[in-house]
Amino acid sequence: MPVPYVVRFVSARSGAGETATASLLVRELRARGYRVGVVKHAAGSVSLEEKDSKRYLESGAENVVVSSSGLALIYVRGHRDLLEDAVVYAKTPIVVVEGFRESSLGDVVVVASSESEVEELLAGGVKPLVVVYTGESPVDQGALGARVVKPSSIRELVELVETRALEHYLQQTPRLDCGK
């Protein structure tokens, strides 16, 4: 079974726009015919009224896993709060993840409203594929070491994620020419 393509949305602070941006990505990928699941990290305890989960379902995610220490909101007792464990439950070729900043699994999309928020994440070892910049002041793309897009340029983000997902699956093939 192929390993799913994972793209993580992280930020330096809560409320930066990860859910809004990731939901748009889910909606666009689903519109292009991709099967997409979501894993959302809950830093504290899991709430049965988890609002972000509903937002992801409304965006078209096939399923949503909310992961926290000791419990995942798919009712799995003894759950380890590791992204590698939670991705298994998504059961889709593309998994959009919100949170799990410390994980090294998948590509990373940083959502930030200031250059200092991005720098804080970079200093913490985060290596972004792209930065979704929600701030008003200009940002030095070269200094951040990653492509910078505005939330209004969601199609650019979707194109990049789609390309990376296809490359991910191509790398899992034997790349043998059958001659046909």
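The values are calculated or read from the model by the stated rules, or taken from the named source; none is laboratory data. All of these numbers come straight from a predicted model, not from anything done at the bench. Neighbour counts are summed over all protein chains in view; Cβ atoms, including those assigned to glycine, are modelled from backbone coordinates with ideal geometry. When the accessible area is computed, the model is the full protein with side chains, heavy atoms only, and any ligands, DNA or RNA have been set aside. Shrake-Rupley method; radii C 1.70, N 1.55, O 1.52, S 1.80 Å.
From the protein chains alone at 1.4 Å, what is the descending order of accessible area for ASP81, ASP177, ASP140, largest first?
Putting ASP81, ASP177, ASP140 in descending order of accessible area: ASP177, ASP140, ASP81.
List the residues of region 118-137 whose backbone N lies under 19 Å from a point placed 7 Å from the Cα of SER14 along the Cα-to-Cβ direction.
So the set is 121.
List the residues of region 92-134 whose backbone N lies under 12 Å from a point placed 7 Å from the Cα of VAL3 along the Cα-to-Cβ direction.
104-107
Considering the options VAL126, ALA20, VAL139, tell which one lies farthest towards the positive end of the dipole of region 1-139, charges being +1 on Lys and Arg and -1 on Asp and Glu at the Cβ, about the Cα centre.
Of the listed residues, the answer is ALA20.
To make sure I understand the rule: partners must be lysines, Cα under 24 Å from the Cα of LYS40, and not fewer than 8 residues away in the same chain. Which ones qualify?
Those lysines meeting the cut-off are LYS51, LYS54, LYS91, LYS127, LYS150.
Out of the total accessible area of the chain (probe 1.4 Å, heavy atoms of protein only), what percent is carbon and sulfur? Numbers along the way, then the final one.
Numbers: 5020 of 9650 Å².
Ligands and nucleic acids excluded, carbon and sulfur reach 52 percent.
Dipole of the chain, Cα-centred, from +1 at each Lys and Arg C-beta and -1 at each Asp and Glu C-beta, to the nearest 20 debye?
That gives the chain a dipole magnitude of about 620 debye.
In nm, to one decimal, how far is the modelled label at GLU167 from the one at SER116, with both set 7 Å along Cα→Cβ?
3.4 nm
If you average the sequence gap of Cα pairs under 8 Å that are 6 or more apart and divide by the length of region 47-118, what percent do you get for the contact order?
Relative contact order here is 18 percent.
Take the alpha-carbon positions of the chain, form their convex hull, and give its projected area averaged over all directions (one quarter of the hull surface) in nm². If you can, show how the numbers build up before the last one.
Numbers: hull surface 46.6 nm².
Taking the Cα atoms of the chain, their convex hull projects to 11.7 nm² on average.
Taking the Cβ of GLU156 as the centre, find all other residues whose Cβ is under 10 Å away and add up their charges (Lys, Arg: +1; Asp, Glu: -1).
Spelling it out: positives minus negatives among the neighbours equals +2.
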